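Novice: First the structure, which I've put down as structure tokens, then a few questions once you've had a look.
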Amino acid sequence: MVVMARALITGITGQDGRHLAEFLHTKGYEVFGLVKGQNNPKAESIRDEFPFVQLVPGDLADFSSLVSALEMSQPDEVYNLGAISFVAMSFNQAELTGNITGLGVLRMLEAIRLVGGARKNPIRFYQASSSEMFGKVRETPQTEMTPFHPRSPYGVAKVFAHDITVNYRESYDMFACSGILFNHEGPRRGLEFVTRKITNSVARIKLGVQSELVLGNLEAKRDWGYAGDYVEAMWMMLQQPKPDDFVVATGKSHSIEQLLEVAFAAADLKDWRQYVRQDQRFFRPAEVDLLIGDATKAKTKLGWQPKVGFNELIEMMVRHDIDYETKRAK
Ligand code: F7E
């Protein structure tokens, strides 16, 4: 009898949770997704789009709910993708961000120690670490060895989460890995993030339902890759003989201005400057100016490679948003 591997994903309703659920399903996994709240509309959309996912109630703010979720799902692998993930929001809801994005990881590690301790095969744990931990960067490009200097409550919470994951690996010999993922995008990205905000606005401008696009800092540079490529790296990390941490990035950086250039051109709109206005409201109290990752370790040890390039990614998102907005207008 073939026994299917079992995976529990937190953050199943987010962009990465959806990509990972799909990916693990194609690999033959039984997929469980942690969903919080009562009558959660996002959980409903998971039921509709991914009927193979078994939803388990629980919240990263509630330790005993994590214990129950692990007992219910009996996972071989836990992917912790759940977080308050919007950097701008973390400045206004710093305590909540610390509690979910930071302490939530400690609760999950403790729950795994408690429930997984008695198992023959230890539960393997993946933590979604972030390039935001590098913040005011100490070196370029950034590697697994680059010191952290976070610039937001989100970044600070992710540093705690990263360090506690390393600490549990070293203290309790847990199979715990962190993927230090640089920005990763796609049509499933939330509209609050800059790539999707731009590609969706471009689509709406093209269709004549929006006239301007209001943004913050256009000079920031990010290493943007495709989310579908990045979830494969998460899975690869948990298939290694030993747990470790890996940077996942494309190695190429672009400014928001370059992003605007590519996005407007993808919809045959000339001169993005005539549509874009800057407003103080979208600037952050402290900014991360430049991120560019060196994924050599992931390439050599995991055999991971990004497949989708920057222009291809933005063009894919603009195409998707033109379709999406055309359907919405009908
Ligand atoms: O901002 C600038 C903004 O919100 C990118 C998350 O997934 O990646 C993401 O964090 C840049 C920043 O992503 C607007 O100031 C200008 O410099 O798309 P974002 P992020 O903050 O880089 C990392 C790896 C994560 O871990 C996070 O969870 O764009 N920017 N004008 C703007 N950003 C937004 N959102 N909206 C604007 O109007």
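Novice: Kindly evaluate residue 38 against the criterion of being farther than 20 Å from residue 102 by Cβ and modelled with pLDDT under 95.
Specialist: In short, yes.
Novice: Could you tell me whether residue 316 is within 16 Å of the ligand (Cβ to nearest atom), at pLDDT 95 or above and either buried (at least 19 other Cβ atoms within 10 Å of the Cβ) or not small (Gly, Ala, Ser) (or both)?
Specialist: no
Novice: Taking the stated definitions as given, is residue 152 of a type in the set (Ser, Thr, Tyr), touching a helix residue (DSSP H, G or I) at 6+ places or on another chain (Cβ under 9 Å), crowded, with 24+ Cβ neighbours inside 10 Å and assigned by TED's automatic domain parsing to the domain that holds residue 34?
Specialist: No: the conditions fail for residue 152.
Novice: Oh, and also: I need the full set of residues from the stretch 274-290 which are in a loop (DSSP other than H, G, I, E, B), more than 9 Å from the ligand (Cβ to nearest atom) and closer than 15 Å to residue 257 by Cα, in order please.
Specialist: 275
Novice: Could you say which residue among 120, 197 is surrounded by fewer than 19 Cβ atoms within 10 Å (Cβ to Cβ) and either under 15 Å from the mean Cα position of the chain (by Cα) or modelled with pLDDT of 95 or more (or both)?
Specialist: 197
Novice: If we keep just the residues of the stretch 131-160 that are outside any helix (DSSP H, G or I) and among the aliphatic types (A, V, I, L, M), which is nearest to the ligand (Cβ to nearest atom)?
Specialist: The residue in question is 137.
Novice: Please list, ordered by residue number, the helices (runs of 4 or more DSSP H) wholly in the stretch 47-130 having 1 or more residues that are within 30 Å of residue 241 (Cβ to Cβ).
Specialist: Here the list reads 63-73, 104-116.
Novice: Here's a follow-up. Report whether or not residue 201 is within 15 Å of the ligand (Cβ to nearest atom) and in a strand (DSSP E or B).
Specialist: no
Novice: Take the conditions without any contact (Cβ under 8 Å) to a residue 12 or more places away in the chain and either within 16 Å of the chain's Cα centre (by Cα) or crowded, with 19+ Cβ neighbours inside 10 Å (or both) and apply them to residue 181. Does it pass?
Specialist: So residue 181 fails the test.
Novice: Of the residues that make up the stretch 235-249, is at least one assigned to a helix (DSSP H, G or I) and either within 15 Å of the ligand (Cβ to nearest atom) or free of Cβ contacts under 8 Å to residues at least 24 places away in the same chain (or both)?
Specialist: No, the conditions are met nowhere in the stretch 235-249.
Novice: Take the residues in the stretch 239-286 that are under 30 Å from residue 162 (Cα atoms) and among the aromatic types (Phe, Trp, Tyr), then tell me which one is surrounded by the most Cβ atoms within 10 Å (Cβ to Cβ).
Specialist: Ranking the candidates gives 246 first.
The values are calculated or read from the model by the stated rules, or taken from the named source; none is laboratory data. Keep in mind that this is a model prediction, so the values were computed, not measured. Positions of Cβ are backbone-derived with ideal geometry, glycine not excepted, and every protein chain shown enters the neighbour counts.
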